[in-house]
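Peer 1: First, the structure itself, so that you have it in front of you.
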Amino acid sequence: MSAADDDRLSEAQSIPIMDIAAQLKIEDLARAGHEWVGPCPRPGCGGTDRFSINPDLGVYNCRACGGGDGIALVRMVLGCDFPSALSHLVGEKHLELSEEERDRRRRDREKQRQKDEAAANAAREKARRQAHRIWMDALPSLGSPVQDYLAIRGFRPEDYPGIAVRLRFHPALRYMVPVRGSREWQVVHCGPAMLAVVQRPDNKFSAVHRTWIDLDRPNGKAAIEHNGEGLQAKKSWGPVKGCAIRLFTPAKADTLIMGEGIETTLTGLRAGDGSAAYWAGISLGNMAGRRILKGKGMKFAGVPDLTDDRAFLPPPWVRRLVFIKDGDSEPKTTRAKLLSGLRRAKAQMPGCETIQIVHAEDGLDLNDMLLGDPSGENKDGL
Ligand SMILES: [Zn+2]
């Protein structure tokens, strides 16, 4: 690439992704914590809330189409190649910038970054307070429909000793989605929900995890539809990055076993002997942290980006970190994400000596799961 092309590229990369979104007429996004959420702008994709932009990181993601930076967003929406996307953003001109001009632009970029960060922090704090209000409005879970929901999922109260304080019941919780074509939210469902507290590494309340329940359905989860699209019965409100749902943490534990969801984690807890801690990681993305994806074959390599300073890390007492892999998720991507989180823990937490992936298989004793390795997942020098 010529120096002029380099300048065009860095100029394109310095455009805030929200400006690019506005330029592409992606206007129907609603604020959700530190992200903007709405329908996917790729022609033919759409949906309700499958698309999101994270202005802090300058990236977008669609649950159906995948994600990338601002230039990738242009390519996706306009269906064009990289050179055309670059031309769309910075024109055809081949400008050679003076050192002075380069410095000025660098300072502008830094100023903008600080402004964006302050706005993102304020939005996170606002969402955290809203989440805390939802949590404080809820009722104890024991003896509530939460207990009945967990029974449908195969868990009796003795399977989750002491966990009841981490879970609460909300009799009529609103399920909101962004309104298409505006920055408002609308209620698409209101009903009973199981709440779980999401804690930050410093133990503070950060977010509330919500599972809308319907005890008349076989899996106990509410069927929520909007515009003909089935929506996830569970989602969080408030910042969850780097956080976890700490379901069970016995004194003197040195092993932390994490599943993505509450139910998977409880399956592990029920199978275990009570000596390990069991936390739910909320989402695979949260357990993985930012990954290095650029380069051939990197998509499935599971290499953590160690500059992600808000990614999840286990606490210092963890000697052994085990991630439970769900049976129903896409295997290659899931494995890459789990590997990324585990390798990050090993690289950044000196006490974390052993890392491991086990498969969630009902009926299998967790100790067998921990000892045995039916898939050969761990044979690659994890
Ligand atoms: Zn899409």
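Peer 1: Within the range 183-190, identify whether any single residue is farther than 18 Å from ALA131 by Cβ and charged (D, E, K, R), and answer yes or no.
Peer 2: Scanning the range 183-190 turns up at least one residue that is farther than 18 Å from ALA131 by Cβ and charged (D, E, K, R).
Peer 1: Taking the range 43-89 as the region of interest, how many residues are among the aliphatic types (A, V, I, L, M), near the ligand (Cβ under 9 Å from one of its atoms) and buried (at least 19 other Cβ atoms within 10 Å of the Cβ)?
Peer 2: Within the range 43-89, residues that are among the aliphatic types (A, V, I, L, M), near the ligand (Cβ under 9 Å from one of its atoms) and buried (at least 19 other Cβ atoms within 10 Å of the Cβ) number 1.
Peer 1: Sticking with this structure for a sec: Can you name every residue in the range 1-59 that is over 27 Å from TRP237 (Cα atoms), touching a His at 6+ places or on another chain (Cβ under 9 Å) and among the acidic types (Asp, Glu)?
Peer 2: Of everything in the range 1-59, those that are over 27 Å from TRP237 (Cα atoms), touching a His at 6+ places or on another chain (Cβ under 9 Å) and among the acidic types (Asp, Glu) turn out to be ASP5, ASP7.
Peer 1: Does the range 12-30 include one or more residues that are within 13 Å of the ligand (Cβ to nearest atom) and more than 30 Å from ALA131 (Cβ to Cβ)?
Peer 2: no
Peer 1: Restricting attention to the range 273-289, report how many residues are part of a loop (DSSP other than H, G, I, E, B) and open to solvent by 20 Å² or more (accessible area, probe 1.4 Å).
Peer 2: Residues flagged as part of a loop (DSSP other than H, G, I, E, B) and open to solvent by 20 Å² or more (accessible area, probe 1.4 Å) within the range 273-289 amount to 5.
Peer 1: Which of the following residues is assigned to a helix (DSSP H, G or I) and not assigned by TED's automatic domain parsing to the domain that holds PRO201: LYS294, LYS299?
Peer 2: Exactly one of LYS294, LYS299 is assigned to a helix (DSSP H, G or I) and not assigned by TED's automatic domain parsing to the domain that holds PRO201, namely LYS299.
Peer 1: Let me ask something else about it. Could you list, in sequence order, all residues of the range 302-338 that are more than 15 Å from the chain's Cα centre (by Cα), open to solvent by 10 Å² or more (accessible area, probe 1.4 Å) and under 27 Å from ALA251 (Cβ atoms)?
Peer 2: If the condition is that a residue be more than 15 Å from the chain's Cα centre (by Cα), open to solvent by 10 Å² or more (accessible area, probe 1.4 Å) and under 27 Å from ALA251 (Cβ atoms), then PRO315, PRO316, TRP317, ARG319, ARG320 are the ones that fit.
Peer 1: If a residue must be outside any strand (DSSP E or B), under 18 Å from the mean Cα position of the chain (by Cα) and of a type in the set (S, T, N, Q), how many such residues does the range 203-252 contain?
Peer 2: Within the range 203-252, residues that are outside any strand (DSSP E or B), under 18 Å from the mean Cα position of the chain (by Cα) and of a type in the set (S, T, N, Q) number 1.
Peer 1: In the range 14-33, what residues are buried (at least 22 other Cβ atoms within 10 Å of the Cβ) and over 19 Å from CYS65 (Cα atoms)?
Peer 2: Selection gives GLY33 alone.
Peer 1: Within the range 128-145, track down each residue that is surrounded by fewer than 13 Cβ atoms within 10 Å (Cβ to Cβ) and part of a loop (DSSP other than H, G, I, E, B).
Peer 2: GLY143 - this is the single residue of the range 128-145 that is surrounded by fewer than 13 Cβ atoms within 10 Å (Cβ to Cβ) and part of a loop (DSSP other than H, G, I, E, B).
Peer 1: Check LEU173, LEU150 and return the single one that is part of a helix (DSSP H, G or I) and at pLDDT 90 or above.
Peer 2: Sole residue among the options that is part of a helix (DSSP H, G or I) and at pLDDT 90 or above: LEU150.
Peer 1: Another question, if that's okay. Do any strands (runs of 3 or more DSSP E) entirely within the range 46-105 hold 3 or more residues that are in contact (Cβ under 8 Å) with a residue 40 or more places away in the chain, and if so, which?
Peer 2: It comes to 46-54.
Peer 1: Hey, another quick one. What pairs come out if I take residues in the range 137-161 that are under 17 Å from ASP214 (Cα atoms) and pair them with residues that are acidic (Asp, Glu) whose C-beta lies under 9 Å away, six or more apart or interchain?
Peer 2: TYR149/ASP214; LEU150/ASP159; LEU150/GLU263; ARG153/GLU263; GLY154/GLU263; GLY154/ASP362; PHE155/GLU263
Peer 1: Just for the range 90-111: of the residues that are of a type outside the set (D, E, K, R) and open to solvent by less than 50 Å² (accessible area, probe 1.4 Å), which one is farthest from the ligand (Cβ to nearest atom)?
Peer 2: Checking each candidate, the answer is LEU97.
Peer 1: Give the residue that is farthest from the ligand (Cβ to nearest atom), with candidates limited to residues of the range 33-42 that are in contact with a strand residue (DSSP E or B) (Cβ under 6 Å, 6 or more places away or on another chain) and modelled with pLDDT of 85 or more.
Peer 2: TRP36
Peer 1: Quick check: anything in the range 359-367 at pLDDT 95 or above, closer than 20 Å to ASP254 by Cα and open to solvent by less than 70 Å² (accessible area, probe 1.4 Å)?
Peer 2: no
The values are calculated or read from the model by the stated rules, or taken from the named source; none is laboratory data. What you are looking at is a predicted structure, and each value in this text was computed from that prediction instead of being measured. Note that we place each Cβ from the backbone using ideal geometry, even for glycine, and neighbour counts take in every protein chain shown. When the accessible area is computed, the model is the full protein with side chains, heavy atoms only, and any ligands, DNA or RNA have been set aside. Shrake-Rupley method; radii C 1.70, N 1.55, O 1.52, S 1.80 Å.
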